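The values are calculated or read from the model by the stated rules, or taken from the named source; none is laboratory data. This is a predicted model, so every value here is computed, not measured. Reconstructed Cβ throughout: ideal geometry from the backbone, glycine too, with neighbour counts over all protein chains shown. The accessibility values were calculated without ligands, DNA or RNA, using every heavy atom of the protein model including side chains. Shrake-Rupley method; radii C 1.70, N 1.55, O 1.52, S 1.80 Å.
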Amino acid sequence: MSEETPVGPPGGEVDLNFVMQARRDKLDALVNLGVEPFAYGFDRSHFAAAAVALMPPAIEGENAEGPKVRVAGRIVAWRAHGKTTFAHLMDPSGRVQLYFKKDQIGEPQYAVLDCFDLGDFIGVTGVLFRTRTGEVTVRVEEVQMLSKSLRPLPFGKEEVVDGVTVRHSAFSDGELRSRQRYADLAVHPEVRRLFRARSAMITAIRGFLNDIDYLEVETPVLQPLYGGATARPFTTHHAALDMPLYLRIADELYLKRLIVGGLERVYEIGHDFRNEGIDRTHNPEFTMLEFYEAYADYEIMMTRVEKLLVCAHGAVTRVLGEERNVTGVDGAKGEALPDFQPPFPRLDWLTTLSKAMGVPNVMELETGALAAAAEKVGVQKVGTLSRPKLLDELFQFHVESKIDTPTFVVDYPLELSPLAKPKRGNPALTERFELFARGKELANAFSELNDPLDQRRRFEAQAKLKAAGDDEASGVDEDYLRAMEYGMPPTGGVGIGMDRLFMYLTGTTHIRDAILFPTMRPE
RNA sequence: GACCCGAUAGCUCAGCUGGUAGAGCAACGGACUUUUAAUCCGUAGGUCGCGGGUUCGAAACCCGCUCGGGUCACCA
């Protein structure tokens, strides 16, 4: 059977294009040569970067040989010259050049190289040396196929111009990069680095909270009632219980139940789900940090937030460096991070907005006057907006969008803050703060409402809205009220969107740069 | 959800006022024992997103659909 019949292989695979067919042919050739194309392991002695670092600096006129190393990774560049071949091997640490010489590894092994492709995982053994141009290189004595790549990765070509790596024909389609994140990661070390930075940020935040005696907990994602925020939920159905369940829109109400239970400092880092539009700053599932602390008010929580941010910033900087130098999935260059150092400036909501609008006290304006002011700054359909919504729109336009460096805005009107305690000495306001930076909200926090009677009134107002068809409103959570009736200590609580925080700290502008597998329509 | 823009080879792109598809890289064959966007010679590779229409003729013009991007609306 020397003649291949190129029929579609069994198992439903069809239409192998010629590039992939060539790789299948090489796979067969390897098997025929007695080479196992999918190995079970490899005893690596060094990462690429560590191997390169083993070689002493180049000395003019000397051809020093280094120690023998065993390195493994993907083939990312291949330059065959007849009886010699140069390649680059990539692993998590970086890349190292390989030098294959027919005299060195022998005819049979050298022939196996014909079956190698970009993207294959191989392991090699050999001594280090420097090439004529001074690059530290492994002179391969033994090569092992570890895993044959049957589909070409979208490698671009790289050259270094004035110390800067320039890519040619790079994999740059933002949609494909997001859909096939594995390929994006495989060919873009900087994307791997970016997500390592995200991991470092989350780890640092955990460390920060753990160090001040916070307990990490897990609360239900599937909830019979949703609450803790205003948002449209995802609905699902439990078959055995034959009842609807909602994917949580916030962790808040369960975490505060734990405060009631005597776990005085709790936090959760997990996904919330909101059934809303997708754009560069919204993904239907996103990572939220919420933390609650008994006996703390919003003043204390502000200092927690400041320290947490410094900590997160430090972690990201340790991975990415001061200069960041991040290019987003949409090709946008990351912006430089403005300096920030606690204590962050504080603006109070009422005087800041009043001053920005040039009025003595914005709260004293009639709703009609608010609508007119909102319309003037470009808000649409002002007639349909409630008074709190109008205030919020005006605030967003006049204040929020203009805040660049991290700044706390404190003491929101009660009508804007249904979950916050009234402010001591001014019951028209609440003890609430939000942290803004680069025109975006980074944190939202308050002295938590712990009066169960007040809480019931607010739930009932929500229930009324829900009955009237507002699917962002929640119902009365009787179980939560029962918990609060047992007694809830004064508590400070904070919510911080991790994806948004990461975007801020890296200067990226697209949430796909913060989420490995963003939600997308199926292909 | 509304409006605007886009979809051409595995990747990155070109393709004029309609005349029947191109480049570089990747691939395949050949040469080459220190190259590095290796080089040189040669070859192959495309239902031009899908469906319909106009036309002698459509990648191009028109309509619809799918997917994506941007702006807006909702939101963290």
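With the largest listed first and rounded to whole Å, the semi-axes of the equivalent ellipsoid of the stretch A:239-301 from the Cα gyration tensor are 26, 19, 8. Convex hull volume of the Cα atoms of the stretch A:18-153, normalised per residue: 106 Å³.
Grab the eigenvalues of the alpha-carbon gyration tensor for the stretch A:295-365, scale each by 5, take roots, and send me the semi-axes largest first in whole angstrom. Spell out each step's value before the answer.
Numbers: eigenvalues 220, 86, 18 Å².
Working through the eigenvalues yields semi-axes of 33, 21, 10 Å.
For chain A, the relative contact order comes to 12 percent (Cα pairs under 8 Å, sequence separation of at least 6). Within the assembled protein chains, the solvent-accessible surface assigned to A:VAL329 is about 10 Å², based on a 1.4 Å probe. With semi-axes defined as the square roots of five times the eigenvalues of the C-alpha gyration tensor, the equivalent ellipsoid of the stretch A:46-123 measures 22, 17, 10 Å, largest first. If the Kirkwood radius is taken over C-alpha pairs of chain A, then at 20 °C and 1.002 mPa s the Stokes-Einstein diffusion coefficient equals 79 µm²/s.
Can you pull a Stokes-Einstein diffusion coefficient for the stretch A:445-523 at 37 °C (0.692 mPa s), Rh from Kirkwood over Cα pairs, as a whole number of µm²/s? Show your work: numbers first, answer last.
Values: Rh = 16.0 Å.
In µm²/s, the coefficient is 205.
The apolar share of the surface of the stretch A:18-153, taken as the fraction of accessible area on carbon and sulfur atoms (1.4 Å probe, ligands and nucleic acids excluded), comes to 53 percent. Computed over the stretch A:390-488, relative contact order equals 21 percent, with contacts defined as Cα pairs under 8 Å that lie 6+ residues apart.
Accessible area of A:ILE75 (1.4 Å probe, protein heavy atoms only, ligands and nucleic acids ignored): about 0 Å².
Run lengths n ≥ 4 of DSSP H only: what is the helix-derived mean residue ellipticity at 222 nm for chain A, with -39500 (n - 2.57) per run over all residues, to the nearest 500?
Details: 15 runs with 165 residues, N = 523.
My calculation for chain A gives -9500 deg cm²/dmol from helical runs alone.
Shown here is the pair-distance distribution of the stretch A:88-208: with all Cα-Cα distances grouped in 5 Å bins from zero up to the longest one, the shares run 2, 9, 14, 18, 17, 16, 11, 7, 4, 1, 1, 0 percent.
Which order do A:HIS271, A:HIS188, A:HIS510 take by accessible area at a 1.4 Å probe, largest first?
Numbers: A:HIS271 70, A:HIS188 5, A:HIS510 30 Å².
Sorted descending by solvent-accessible area, the residues read A:HIS271, A:HIS510, A:HIS188.
Nearest 0.05, what FRET efficiency do A:GLU323 and A:ALA80 give at R0 = 30 Å with Cβ-Cβ as r? Efficiency computed from Cβ-Cβ geometry: 0.20. Rg over Rh for the stretch A:369-523 works out to 1.01, both radii taken from alpha-carbon positions and Rh defined as the Kirkwood radius. Computed on the Cα trace of the stretch A:409-477, the radius of gyration divided by the Kirkwood hydrodynamic radius gives Rg/Rh = 1.04. Taking all pairs of distinct Cα atoms, average 1/r, flip it, and tell me the Kirkwood hydrodynamic radius of the stretch A:373-428 in Å to one decimal place. Kirkwood hydrodynamic radius for the stretch A:373-428: 12.8 Å.
Summed over the residues of the stretch A:138-257 and divided among them, the accessible surface reaches 50 Å² per residue at a probe radius of 1.4 Å.
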